[in-house]
Amino acid sequence: MEKYLWLVPALPFAGALILILGSGKLTKGISGFIGAGSVGLSAAISLVLGLQFLREPATVIQQQLWSWFSVGGLSTNFALHLDALSMVFIFVITFVGFLIHLYSIEFMHDDDGFTRFFAYLNLFVCSMLILVLADNLVLMYLGWEGVGLCSYLLIGFWYKEEKNGYAARKAFIITRVGDTAMAIGLFMLFQTFGTLTIQEILNLAPQRLPMGSETGTIIAFLLLGGAVGKSAQLPLQTWLPDAMAGPSPVSALIHAATMVTAGVYLITRTFPLFELAPLAQNWVGIIGAVTLLIAGFSALTQFDLKRVLAYSTISQIGYMFLALGVGAYSSAIFHFMIHAFFKALLFLGAGAVIMVLHHEHDMFKMGGLKDKLPVIFWTFLIGAGSLAALPFITAGFYSKDQILWMALASEKGNIWFFLAALIGAFVTAIYTFRMVFLTFYGEEKTHVGHPVGALITIPLVILGILSFAAGFIELPHTLGHFTLFSDYMTAVVPATELSPGIESTEWLIQLSAAVLCLAGVGIAYFFYMKRTDLRAELKSSMIVTNRFWYSGWGFDQVYDFVFVKPYVYLSSINKNDIIDAFYKGIVSVSNFFHDAFARTQNGVMRWYIMGIVVGAIFVLSIGLLFQ
Amino acid sequence: MSKTDFLNIVPLFILTSSAILIMFSISVKRNHKMIYVITALSLVADFIYIVQYNAKIKWVIEPLFVFDGFAVFNMGLILMTALAVTMISFAYFEQREERKEEYYILLILATLGACVLVISKHFISLFLGLEILSVSLYSMIAYLRRREKSDEAGLKYLIMAAFSSAFILFGMALVYAQCGSLEFNGIAKYLTGYTQIPILLLTGFGLMIVGIGFKLSLVPFHMWAADVYEGAPAPVTAFIATVSKGGVIVLLVRFFTLINGYQYQSLMLIFTAIAIASMFIGNFLALRQRNVKRILAYSSISHIGYVLVAFLAGGSMGVEAVSFYLVAYFITTVGAFGILSTLSDHDRDADHMEDYQGLLWKRPWTAAILSAMLLSLAGIPLTAGFIGKFYLIAAGVNTDRWLLVSMLALNSAIGLFYYIRIIAVMFERHEGEEERQDVLHPSVYIISGVTMGMLVALLLWVGVYPEWMMSVIRTYVHN
């Protein structure tokens, strides 16, 4: 099976190619079949590979496809590297990707751009797979930019509406800030190590970069910059809520399950560099903690269903960054996987709700869908429970609980990280169940259209099962102590070092998390089910805070003021580019001479003869003068 | 005349006798195809004969001719170029004049004239070669009698060429008056006694430069070029731009190196001024021109200006660069005019910009070949033109001709504009106007197609693997 690894990214790529070339000639049935089928085959291959990895987690599959280019000291291969870490990622990408493709066949069925949609989606899956399978950082960068491009194309998929185009450009430009930092990081890595092959760098790192060295710290910060941009973390998080302009399956696949976690992958992949730069690693944790809080509070005030989920995604990725910051790599990846399941589920569920309600996004105009759409309701509820980390029965509880514990217990953790995570968990519970109660309970406010079909419900059910059951592969010490996932991950990342003598407090932390979560659900219940009258009062008493949170803590306004306005001003005063004037000058001088000399070409013989005579005089006089 | 003398001079006999053979053949029966085959075969045979020469041996036929590597190489180049012109002429004339056969006699004789120029080492042979070439060209330019422009161009060329020949003759007379010799070596020997050129001799040289400058259409003797290029039939224009100018350049290089003109400030100054003026004015004139033939005329003015850079750089590298550039320029120019000929119809040549509009969509291959030719003229990498220009610059840098080199670079940038513009026009979508039907026998198109294909292959080959052509040139020129 190992030699078929290349098929995993190649199949979606082939699918994309066929769909692009055949665009306009393929029927929707065939397009859907090619789009979903190619990813399905990839998923099947990665499942088989995954079984092999479960038996033997330390397996490493290297596949050199061809030499990409070789310039000076840099020779880059098109080579794939599959280990336990990338295995988790390709499993999630292909499997969740396949479910989302299936869902899209029904969801996008009436769209004119059906084939185009699947072409982009397949291209995205291919790029994402290259990103996580790349054996060197250049190839990874190709995938990194590829997913950025697909994200841009898909956010602006309904390009006829102007604001979607703006959202797409915003996402592209803001992530570009991070990408640039990352590119500089790659240059510095090449300068330091003379190679960009990931494994070689990681092996050489301890020799070339002493602990806490300046170069190492700068490199780690630059890589962090790339990760922050792609994963929508502070301060580059502002693009993600606007990215919800894309179709819901896109939000599920790209802006929840896979692409936005590329930053988590990058940091985990290069973790030895971060271990050698404690300052940068600490900042990973700080960024994660602050992001999860501010995004959580913003989610509290949104009324667009998808924007709640978007802020929630930012917040959950904040958890992953927090885990990475305290050295709990396995916990971060575990949470990534669980999050991919339940967040994809929530987005797909939300998409289905929005579809049956005729493109209604406002939660306050929804309600009472519990009985009308039972399958969507129950799966959504499971997803929401997982997001809110309802104790003991949801997957999200096990993954998030581990991060809470590590934030305190890890050697690199501290009480502030823990408190941030704990408050975040409380806020998460509130906004999640606020969303559930507003959408599914209460009275019906918008007429429900035709019910959804099997292609939408089947992925929901499968993801629902995963969001519920996948947590049981990793149980904490206090509850059975089953460590399948973290054992598996030790093949790639080390186990987290705990502060001495802290184990005894684990049950206390779990208990407080559980209590706070339930309290959060209780508060949501109180305000949105029982005493809905208090809501307006609360809102008006906190109107300033509310607006501040609603706008995502004013980051957009600040960026507008600091970057956009000055830039627009500068370009407005330099409307007729000053530097252009020089080139325009050349043009007009050339034109002048053309006109001047063209007049001599008048076709009159005597004039031509005069030219020769003048030339003769000129030649003779130079000859005589400079004899 | 010894046997070796005779054997050496056989290439000239082959040309003259094939011209006579064609004349006989015409008097018996007019057959375009047969005449064409005879022409092509005689050129090929001549070329094969030339290849047998030993590049290391220099044979002199006193007092007129010299056969050395440089001469043989350029003779071969001229013959091959003439062959390519013959190839494109066939399709071009097949659909035109009733009496098209005599054209080939003139073509062969003009080639003969150029060959004589290349091997001459005496003013008499020089003038003979020049006149054989010019007289043939008068009629070739005006060959399409029914076209007013063709007549006009022929007449203009006749008057102007006669005028310039007068300069050359008078210059020769003055040189003879001073040195008492008409032979290059004799003049060189006379000059060794002087650090400065005597005034009378300098005046003689000056007058000859006027004549030579006219033949090469250098500024300020360039004004005929556009009118003649435009009026002449496309294959004839190709011939003027390549063979006729090539022969004169070879002669110039030979004479100048022999008398070691590099040591005389006055001569250098004259040529430098002429080179710079030619580069600039040629490019400026072409800039907004809308007639493709005129564009190529002006572009040829500046290209000869480029060649002068390497010529003035001198040394063995300069001579190599000149030879290489001639090869690249000949391939490109014949290719461009070849495309122009295939697009021309019975009534007029395809020389308006509009004729090329949307060509890429109508005839992608034709457009691709023309693009390759234009890119080569502009000196874009992967084409022969790039390597040629690179060689010129290298030669210039080698002997520190920084002024000339920087002017060359600047002019390459200006020139890029009008070449690219033609390509841009070919890309424009053009609605309406159905594709014209092929009216001739398909073999005619195959011949032009194969010729063009070979030219473009050569262009890319020399552009990508220049080493082969360079080594050939080195073998022949280094003697």
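So here's what we get for this one:
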quantity	calculated
Residue that is modelled with the lowest pLDDT [pool: residues in segment A:515-532 that are open to solvent by 90 Å² or more (accessible area, probe 1.4 Å) and assigned to a helix (DSSP H, G or I)]	A:K530
Condition met for B:A321 (in contact with a Lys or Arg (Cβ under 6 Å, 6 or more places away or on another chain) and open to solvent by less than 20 Å² (accessible area, probe 1.4 Å))	no
Breaking point among (1) open to solvent by less than 10 Å² (accessible area, probe 1.4 Å); (2) more than 9 Å from every other protein chain (Cβ to nearest Cβ), for B:T192	(1)
Filter pass, B:A173 being within 29 Å of the chain's Cα centre (by Cα), part of a helix (DSSP H, G or I), surrounded by fewer than 17 Cβ atoms within 10 Å (Cβ to Cβ) and within 14 Å of chain A (Cβ to nearest Cβ)	no
Residue in segment B:76-96 that is over 19 Å from the mean Cα position of the chain (by Cα), among the aliphatic types (A, V, I, L, M) and closer than 25 Å to B:V456 by Cβ present	yes
Among (1) closer than 21 Å to B:A110 by Cβ; (2) within 14 Å of another protein chain (Cβ to nearest Cβ); (3) open to solvent by less than 10 Å² (accessible area, probe 1.4 Å); (4) assigned to a helix (DSSP H, G or I), the one test that B:F221 misses	(4)
Some residue of segment B:94-104 being surrounded by 20 or more Cβ atoms within 10 Å (Cβ to Cβ), in a helix (DSSP H, G or I) and touching a residue at least 24 places away in the same chain (Cβ under 8 Å)	yes
Every residue from segment B:258-281 that is surrounded by 19 or more Cβ atoms within 10 Å (Cβ to Cβ) and either basic (K, R) or within 24 Å of B:G193 (Cβ to Cβ) (or both)	B:I259, B:G261, B:Y264, B:S266, B:L267, B:I270, B:F271
Candidates B:G314, B:G318, B:G282 - the one that is within 14 Å of chain A (Cβ to nearest Cβ), of a type outside the set (K, R) and touching a helix residue (DSSP H, G or I) at 6+ places or on another chain (Cβ under 6 Å)	B:G282
Filter pass, A:V92 being among the β-branched types (V, I, T), surrounded by fewer than 23 Cβ atoms within 10 Å (Cβ to Cβ) and either at pLDDT 85 or above or not assigned by TED's automatic domain parsing to the domain that holds A:I465 (or both)	no
Breaking point among (1) small (G, A, S); (2) within 14 Å of chain A (Cβ to nearest Cβ); (3) farther than 22 Å from B:L15 by Cβ, for B:G180	(2)
Condition met for B:F167 (touching a Leu at 6+ places or on another chain (Cβ under 7 Å), open to solvent by 20 Å² or more (accessible area, probe 1.4 Å) and not polar (S, T, N, Q))	yes
Search result, residues across segment A:358-394 that are crowded, with 19+ Cβ neighbours inside 10 Å and touching a strand residue (DSSP E or B) at 6+ places or on another chain (Cβ under 9 Å)	A:M363
Qualifying residue in segment A:488-504 (condition: open to solvent by less than 30 Å² (accessible area, probe 1.4 Å) and in a helix (DSSP H, G or I))	yes
Complete set of residues in segment B:176-198 that are hydrophobic (A, V, I, L, M, F, W, C), touching a helix residue (DSSP H, G or I) at 6+ places or on another chain (Cβ under 6 Å) and assigned to a helix (DSSP H, G or I)	B:C179, B:F184, B:I187, B:A188
Candidates A:L419, A:L369, filtered to the one that is within 27 Å of the chain's Cα centre (by Cα) and assigned by TED's automatic domain parsing to the domain that holds A:M529	A:L419
3 or more residues touching a Gly at 6+ places or on another chain (Cβ under 8 Å) and open to solvent by 50 Å² or more (accessible area, probe 1.4 Å): qualifying helices (runs of 4 or more DSSP H) within segment A:135-215	A:162-193
Residue under evaluation A:Y441, criteria (1) open to solvent by 10 Å² or more (accessible area, probe 1.4 Å); (2) of a type in the set (S, T, Y); (3) at pLDDT 90 or above, criterion not met	(3)
Subset of segment B:379-392 (residues that are surrounded by fewer than 23 Cβ atoms within 10 Å (Cβ to Cβ) and of a type in the set (A, V, I, L, M, F, W, C))	B:I380, B:L382, B:F386, B:F390
Any pair with Cβ under 6 angstrom, 6 or more apart, that starts in segment B:433-453 at a residue that is within 15 Å of B:V334 (Cα to Cα) and ends at one that is among the small types (G, A, S) and modelled with pLDDT of 85 or more	B:S448/B:A91; B:M452/B:G338
Condition met for B:L216 (out of contact with any strand residue (DSSP E or B) (no Cβ under 7 Å at 6 or more places or on another chain), at the interface with chain A (Cβ under 10 Å from one of its Cβ atoms) and of a type outside the set (D, E, K, R))	no
Check on A:Y103, touching a helix residue (DSSP H, G or I) at 6+ places or on another chain (Cβ under 6 Å) and open to solvent by 10 Å² or more (accessible area, probe 1.4 Å)	no
B:M454 being open to solvent by 80 Å² or more (accessible area, probe 1.4 Å) and assigned to a helix (DSSP H, G or I)	yes
Filter result (over 18 Å from the mean Cα position of the chain (by Cα) and under 27 Å from A:M128 (Cβ atoms)) within segment A:255-276	A:F271, A:P272, A:L273, A:F274, A:E275
Some residue of segment B:160-170 being away from every other protein chain (no Cβ under 14 Å) and in a helix (DSSP H, G or I)	no
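Condition check ((1) within 22 Å of A:L460 (Cα to Cα); (2) crowded, with 23+ Cβ neighbours inside 10 Å) across all residues:
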| residue | (1), (2) |
| --- | --- |
| A:P9 | no, yes |
| A:S86 | no, yes |
| A:H109 | yes, no |
| A:D112 | no, no |
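Residue-wise test of (1) farther than 23 Å from B:V236 by Cα; (2) among the basic types (K, R).
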residue: B:T342; (1), (2): no, no
residue: B:R348; (1), (2): no, yes
residue: B:W361; (1), (2): yes, no
residue: B:A372; (1), (2): no, no
residue: B:L382; (1), (2): yes, no
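Conditions (1) part of a helix (DSSP H, G or I); (2) in contact with a strand residue (DSSP E or B) (Cβ under 9 Å, 6 or more places away or on another chain); (3) at pLDDT 85 or above, marked per residue:
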| position | (1), (2), (3) |
| --- | --- |
| A:L41 | yes, no, yes |
| A:I45 | yes, no, yes |
| A:L49 | yes, yes, yes |
| A:F53 | yes, yes, yes |
| A:Q62 | no, yes, yes |
| A:W66 | no, yes, no |
| A:S70 | no, yes, no |
| A:S75 | no, yes, no |
| A:F78 | no, yes, yes |
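The values are calculated or read from the model by the stated rules, or taken from the named source; none is laboratory data. Nothing here was measured: the structure is a model prediction, and the numbers come from that model. Reconstructed Cβ throughout: ideal geometry from the backbone, glycine too, with neighbour counts over all protein chains shown. Side chains are part of the model used for accessible areas, which takes the heavy atoms of the whole protein and leaves out ligands, DNA and RNA. Shrake-Rupley method; radii C 1.70, N 1.55, O 1.52, S 1.80 Å.
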